[in-house]
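What follows is calculated from the coordinates using simple rules that are stated; it is not laboratory data. What you see is a predicted model, and the numbers here were worked out from it, not measured in a lab. Glycine also receives a Cβ, built like all others from the backbone with ideal geometry; neighbour counts cover every protein chain displayed.
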Amino acid sequence: MSVALAAAAAASGLAVFAQKTQNPRADLPPGLVAVLFSAIWLLAVGFKSITKGVFGGLTSKQLSGAFALVTSVTLVCMAGMGYMDSKFRTPELPLGVVTFEFGFTSAKMKTIINAWSREQLVWVVYAQGTDNLFMFLYSNAIALGCLVAGGRSARAYDIAVLQYVAGLLDFLEGVFLHLVLIEPNLDKLDERIPLGAGISAAIKFAFIIVGFIYFFSVLALSRAASPASSTKVQSKTL
């Protein structure tokens, strides 16, 4: 529960910070921030029950096998996404789709889209479509990794569910970016659309980074504890 509240508070603060620093012209009412806080908190709490129901009955071996399988498929999909991203990466947009995600303003979005040729825009659409599969894969891969590394502890479940919230934010970000792509006159684009895409992306990446930090830190601590444990066993045997 504390992790869900902390995540909701951090996401809300990040949204306000992004609006103030990246697009002050966009309107972000306090009521909308409150809705964001409530939605992330409720999703985190709800997903925890679902995740426990789905993965709680698996053996450790089954859980590890599921993690290995989903991670493998995720890496293959990531390679495909990387290939598509290379098709619309330019010297002005070295990060490709990430630059697009963090446009934040209609003026920046217009500059980005105008820098792409018609063929590159087709690849952008392909990448956006494939991202619907990728968000499902990576959220499960990181969540499973957290559960495997953390031994399905309460904290492991807390961090795992944030990955599913990140996947939903990725979907919301995709909706905003789709609205940008289909807008015939970018000069009339509502400032809240690119801001919404940027905020969704920022919170998504923050939750994913938390997942990676948890996964690798638990693994590192486990490895550090293993030699000490084996030494104790040997000393008792002797």
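Multiply the residue gap between residue 49 and residue 121 by 0.36 nm, knock off their C-alpha separation, and tell me the result in nm, one decimal place.
Length gained, residue 49 through residue 121: 21.9 nm.
Which residues in the range 91-122 have a backbone N closer than 13 Å to a point placed 7 Å from the Cα of residue 205 along the Cα-to-Cβ line?
What the label zone holds, given the 13 Å backbone N cut-off, is 94-104.
Please identify the DSSP H helices in the chain that span no less than 30 Å along the helix axis (Cα) and have a mean Kyte-Doolittle hydropathy of 0.0 or more.
30-55, 60-87, 118-150, 154-182, 192-237
How far is the Cα center of the range 2-19 from the Cα center of the range 141-181, in Å?
15 Å
Mean 1/r over all different Cα pairs, inverted: what Kirkwood radius does the range 67-206 give, in Å?
15.9 Å
Counting alpha carbon pairs within less than 8 Å and at least 6 residues apart, what relative contact order, in whole percent, applies to the chain?
26 percent
In deg cm²/dmol, rounded to 500, what helix-only [θ] at 222 nm does the chain give when every DSSP H run of at least 4 residues adds -39500 (n - 2.57) and the total is split over its residues?
-29500 deg cm²/dmol
Given contacts defined as C-alpha pairs under 8 Å and at least six residues apart, what's the relative contact order of the range 97-238, whole-number percent?
33 percent
Subtracting the Cα-Cα distance from 0.36 nm times the residue separation, let me have the gained length for residue 78 to residue 182 in nm, one decimal.
34.9 nm
At 20 °C and 1.002 mPa s, grab the translational diffusion coefficient of the range 171-220 from Stokes-Einstein with a Kirkwood Rh over Cα pairs, rounded to a whole number in µm² per second.
D = 172 µm²/s.
Please list the radius of gyration and Dmax for the chain, considering alpha-carbon atoms only, with Å as the unit.
According to the Cα coordinates of the chain, Rg and Dmax are 20.5, 79 Å.
Rounded to two decimal places and with Rh computed the Kirkwood way over Cα pairs, what is Rg over Rh for the range 117-181?
Dividing the radius of gyration by the Kirkwood radius yields 1.16.
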